[in-house]
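**Q** Before we start, here is the structure in question, set down as structure tokens.
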Amino acid sequence: MGEKAEVLSSVHNAIRILQTFSTSERELGISEMSVRLGLAKSTVFRLMKTLNEANLVEKNLETQKYQLGIAAFELGFIVYHSMELRRVSAPILEKMAKSIRRVVRLGVYDKGGIVYLSKQYPDEDYGTISKIGDRVPVHCTAIGKMLLAHQSEKEIERVVTDPLTKYTNKTIVSPHELKKEILEIRKKGYAVTMEEVREGISSVAVPVYNDMGKVVGAISVTGVKSHFYASQIDQYVRELRTCSRQITDRMGMDYFV
């Protein structure tokens with residue numbers, strides 16, 4: 001218990017150190033942080049060494065003070081980009097949801113799971129099972145499969161070989177079958193799930209790209225199975241791809257404004 005408490009204390013203090021930096025104080029020295037945080041200089045020095053190795057802080061050799069490093073910027077950019085993606089896509093997806101009268105979602109990949117950033121639905125729809133911020137599995141959702149198909153082979157192997165929960169009798173839990181479907185998704189450019197996470201509910205998803213051509217998320221249409229016959233799925237895919245292009249264009253425009 002003592003060792004665990006010490007580790008948690010170190011993590012807490014490392015977070016406090018990172019939070020000490022601000023736009024008005026971009027550089028701080030060991031002594032300054034020691035006084036402000038009420039920590040021994042040796043403790044601050046040790047934590048700063050660890051943070052520096054992780055590129056979360058870097059040392060200015062001229063002033064001998066520290067500033068936030070590139071890794072901190074990268075983490076902040078990920079959060080900023082997700083917020084921008086949600087902001088830009090919201091009105092586009094809202095318009096689509098009302099036009100086709102189906103639930104429309106935006107999700108991003110996160111370490112073997114999917115986090116929904118946005119959910120738009122028709123006025124008469126009071127929502128389905130998932131909520132904004134929910135973390136859902138990748139192996140049985142259209143957005144999940146779509147984004148998994150764009151991960152590295154190593155990441156795909158890691159995900160499909162982990163124990164996969166079977167939600168309905170149509171949920172694919174076989175690694176071989178799931179990898180086979182991923183190859184098919186890559187060829188088609190969209191993913192479809194039929195009652196894999198909940199009986200009677202189906203979904204179709206396409207990727208969303210940034211202006212550099214990298215997949216940054218996926219958008220989907222969800223509804224009852226009777227609304228997902230072949231020609232209807234084709235229509236959803238066309239609508240989703242149009243929205244995806246609009247989101248990409250809007251993200252690119254905002255980037256250069």
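The values are calculated or read from the model by the stated rules, or taken from the named source; none is laboratory data. On a predicted model such as this, the values are computed, not experimentally measured, just so you know. Neighbour counts run over all protein chains shown; Cβ positions are idealised from the backbone, glycine included.
**Q** Are any residues in segment 169-184 assigned to a helix (DSSP H, G or I) and among the hydrophobic types (A, V, I, L, M, F, W, C), and if so, which ones? So that I can check it myself, show each step before the final result.
**A** Within segment 169-184, the subset assigned to a helix (DSSP H, G or I) is 175-184.
Within segment 169-184, Leu178, Ile182, Leu183 meet the criteria.
**Q** Can you confirm whether His227 is touching a residue at least 60 places away in the same chain (Cβ under 8 Å) and surrounded by fewer than 21 Cβ atoms within 10 Å (Cβ to Cβ)? Walk me through how you get there before you give the answer.
**A** Values: touching a residue at least 60 places away in the same chain (Cβ under 8 Å): yes; surrounded by fewer than 21 Cβ atoms within 10 Å (Cβ to Cβ): yes.
Yes.
**Q** Tally time: how many residues in segment 8-31 are touching a helix residue (DSSP H, G or I) at 6+ places or on another chain (Cβ under 8 Å) and part of a helix (DSSP H, G or I)? Outline the logic, then answer.
**A** Start the filter on segment 8-31 by keeping residues that are touching a helix residue (DSSP H, G or I) at 6+ places or on another chain (Cβ under 8 Å), which leaves 10, 13-14, 16-18, 20, 28, 30-31.
Within this subset, residues satisfying the condition of being part of a helix (DSSP H, G or I) are 10, 13-14, 16-18, 20, 30-31.
Qualifying residue count, segment 8-31: 9.
**Q** So, one more: Might you check whether a residue that is of a type in the set (Ser, Thr, Tyr), more than 30 Å from Thr248 (Cβ to Cβ), modelled with pLDDT of 90 or more and within 31 Å of the chain's Cα centre (by Cα) occurs anywhere in segment 36-45? Talk me through it step by step, then tell me what you get.
**A** Residues of segment 36-45 that are of a type in the set (Ser, Thr, Tyr), as a first pass: 42-43.
Adding the requirement that they be more than 30 Å from Thr248 (Cβ to Cβ) leaves 42-43.
Restricting the remaining residues to those that are modelled with pLDDT of 90 or more gives 42-43.
Next, from what is left, pick out any that are within 31 Å of the chain's Cα centre (by Cα): none.
For segment 36-45, residues of a type in the set (Ser, Thr, Tyr), more than 30 Å from Thr248 (Cβ to Cβ), modelled with pLDDT of 90 or more and within 31 Å of the chain's Cα centre (by Cα): absent.
**Q** Moving on to the next point. Does Asp123 meet the test of being assigned by TED's automatic domain parsing to the domain that holds Arg238, over 16 Å from the mean Cα position of the chain (by Cα) and modelled with pLDDT under 90? Spell out the reasoning first.
**A** Working: assigned by TED's automatic domain parsing to the domain that holds Arg238: yes; over 16 Å from the mean Cα position of the chain (by Cα): yes; modelled with pLDDT under 90: yes.
In short, yes.
**Q** Kindly indicate the residue of segment 130-147 that is at pLDDT below 60 and either buried (at least 24 other Cβ atoms within 10 Å of the Cβ) or not polar (S, T, N, Q) (or both) and also nearest to Arg158 (Cα to Cα) among those meeting that condition.
**A** Pass one, segment 130-147, residues at pLDDT below 60: 130-133.
Pick out the ones that are also either buried (at least 24 other Cβ atoms within 10 Å of the Cβ) or not polar (S, T, N, Q) (or both) and you get 131-133.
Values: Lys131: 26, Ile132: 26, Gly133: 24 Å.
Across segment 130-147, the extreme among qualifying residues is Gly133.
**Q** Which numbered condition trips up Val197, out of (1) in a strand (DSSP E or B); (2) of a type in the set (Val, Ile, Thr); (3) touching a residue at least 60 places away in the same chain (Cβ under 8 Å)?
**A** Among (1) in a strand (DSSP E or B); (2) of a type in the set (Val, Ile, Thr); (3) touching a residue at least 60 places away in the same chain (Cβ under 8 Å), the lone unmet condition for Val197 is (1).
**Q** Give Glu155, Glu199, Glu184 a once-over and let me know the one that is over 30 Å from Ser99 (Cα atoms) and either of a type outside the set (D, E, K, R) or in the same structural domain as Val88 (by TED's automatic domain parsing) (or both). Explain how you work it out, then say what you get.
**A** Working: Glu199 fails: over 30 Å from Ser99 (Cα atoms); Glu184 fails: over 30 Å from Ser99 (Cα atoms).
Step by step, each of Glu155, Glu199, Glu184 is checked, and only Glu155 is over 30 Å from Ser99 (Cα atoms) and either of a type outside the set (D, E, K, R) or in the same structural domain as Val88 (by TED's automatic domain parsing) (or both).
**Q** Residues of segment 185-194 being over 20 Å from the mean Cα position of the chain (by Cα) and in a loop (DSSP other than H, G, I, E, B), which ones?
**A** Once the filter is applied, which keeps residues that are over 20 Å from the mean Cα position of the chain (by Cα) and in a loop (DSSP other than H, G, I, E, B), segment 185-194 yields nothing.
**Q** Working only within segment 148-158, note down all residues that are assigned to a helix (DSSP H, G or I) and surrounded by 21 or more Cβ atoms within 10 Å (Cβ to Cβ).
**A** Leu148
**Q** Right, Lys145: within 23 Å of Lys119 (Cα to Cα), charged (D, E, K, R) and out of contact with any His (no Cβ under 6 Å at 6 or more places or on another chain) or not? Before the answer, list the steps.
**A** Values: within 23 Å of Lys119 (Cα to Cα): yes; charged (D, E, K, R): yes; out of contact with any His (no Cβ under 6 Å at 6 or more places or on another chain): yes.
For Lys145, the condition - within 23 Å of Lys119 (Cα to Cα), charged (D, E, K, R) and out of contact with any His (no Cβ under 6 Å at 6 or more places or on another chain) - is met.
**Q** Now for a separate question. Give the residues of segment 93-117 that are within 17 Å of Gly223 (Cβ to Cβ), buried (at least 20 other Cβ atoms within 10 Å of the Cβ) and of a type in the set (Ser, Thr, Tyr), sorted by residue number.
**A** Tyr116
**Q** Could you say which residue among Arg241, Arg250 is in contact (Cβ under 8 Å) with a residue 24 or more places away in the chain, surrounded by 15 or more Cβ atoms within 10 Å (Cβ to Cβ), assigned to a helix (DSSP H, G or I) and touching a helix residue (DSSP H, G or I) at 6+ places or on another chain (Cβ under 9 Å)?
**A** Numbers: Arg241 fails: touching a helix residue (DSSP H, G or I) at 6+ places or on another chain (Cβ under 9 Å).
Just one listed residue meets the conditions, Arg250.
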